[in-house]
1. With each label point set 7 Å from Cα along the Cα-Cβ vector, what nm distance links TYR243 and ALA332?
2. Which FRET efficiency value, to the nearest 0.05, is calculated for LEU206 and PHE30 with the Förster distance at 22 angstrom and r the Cβ-Cβ distance?
3. Please report the relative contact order for the stretch 336-436, taking Cα pairs under 8 Å with a sequence separation of at least 6, and give it as a percent rounded to a whole number.
4. Which whole-number percentage describes the relative contact order of the stretch 253-389, with Cα contacts under 8 Å and a sequence gap of 6 or more?
5. Please enumerate, by chain and number, the aspartates and glutamates with C-alpha under 14 Å from the C-alpha of LYS116, excluding those fewer than 8 residues away in the same chain.
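Quick note: the coordinates plus some simple rules give every number you see, no bench work behind them. A quick note: this is a predicted structure, and the numbers were derived from the prediction, not measured. A quick note on method: Cβ atoms are made from the backbone with ideal geometry, for glycine too, and the neighbour counts reach across all protein chains shown.
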Amino acid sequence: MLWRRKITIDDQAITDGSGITLKQSLFPNFLVTILFFLWGFAYGLLDVLNSHFQAELNISASMASGLSAAYFGAYFICPLTVSGWILRRYGFRVTFMTGLAVLAIGCLLFWPSGVKASFGGFCGSMFVVGAGLSTLETGADNFLSICGPPRYSEIRLNLAQGVQGAGSFVAPLLASRVFFANTVDTQQGLKNVQWVYLGIACFVALLIILFWLAPMPEVTDADMGLQEQDISQGDVAPFSKQYNLFLGVWSQFCYVGAQVAVANYFINFAEEAGYSASMSSNLLAVGQGLYTIMRFVSSGLMTLGVKPRYILAVYLALCFIFGVAATTTHGATSVAMLILVLSSESACFATIFTLALRGLGHHTKRGGSLLVAAISGGAAIPPMTGAVATNTGSFHRAMAIPTAFYVLAWVFPVYANTVSKGFLDGHRETDLNVEAKIPPSLPPSLSSANKISTPSQIIQNRYIHQHPKPCPSQSKT
């Protein structure tokens, strides 16, 4: 299918979105997956910058967590306000271009921050970067979850998150070998930060042009409402009763906060265990590499038929077990256990997101915005961890904080494997949109091949058949 290039879309319009088959979804999903590498790289670089600023600017671990607080604080503000509004008002394309533009501005702000060697300036720059990335993620996580057959939702997002993990793996590796090689504790290191983010800004500018020109489908809340009727054969519950979503948001908040805390202080943890700064950065790259590999492994397991709710429950439990082991051991053993924590985190975010988004129908974009906002856990839990490390002088003891939050995050997989398992399994077992089909509810007069040739026509004919009022127009421009 070749979609018309629409710039904006009415969220109440019926579009091609809910009829996109597996084959038709490949190109747009590939295009959006490019964005995952971009913010994976930015996130991976953040972990190294955190340790670097402690050494160069002579600040404590709790103060260094301000960098993460600024970055993830934007996740709390933007998806619930401007980012979510842009997505619902104008559609995915405008959301992507807006996020990229804000990200480019944030990257450029690193230049004056580096010139002044201002930690406050770096925090402000990182907030703008977080605002851009949170806007991108508000669109991209939702898009990959709903663009294509519903049964492959978890697989699509886990694969894209694997690409994001590749960015997180490359960033600390380049940081230790290129950006900060022999300059970890010198002024030159700050200059390298400036050039790195200038390069990212240029790359982002090219992506804005790409998303302006590329043909992409739009999936509206109206599309998702019709799709949910096909799957569940009933009306969607009011938003206030979407308990599966709310528990997913809580779990996402706790999990992401714990994940960020572990990654932020991994280098400090490894140095405390006896490794050099350069070796600690390499070990973080190893952990991020395993994290990436396990995301692809998880996608493979789901493709083979393992239910995502099982994978989420097991992986979160392993995070807790290995976290306890890392906290209570010393030396190389403790670092190995913390690497296994990173590895076990692999499938958690994407699986929480897609399971919590199941069955929302016309509430989908609103629910997705809440799940992205839950990433702001990365602004709350790392400062707690940094405060414990500063007050006790031990990063090993501080790791007990994220370990405890893995337990709190486990509430959602427990609910998913008990109360809502039938509901979730029903959405995964449907064959809707795996291949192009004529909806069985259409009358014979509408099922002629001469009259129906695109998913858009199928959806609109079904809408007209089910609703006596005229179908809304497809787009605003």
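1. Each label point is offset 7 Å from its Cα along the Cβ direction, giving 5.0 nm.
2. Calculated value: 0.85.
3. With pairs under 8 Å counted, the relative contact order is 20 percent.
4. 42 percent
5. Once the sequence-local aspartates and glutamates are set aside, what remains near LYS116 is GLU56.
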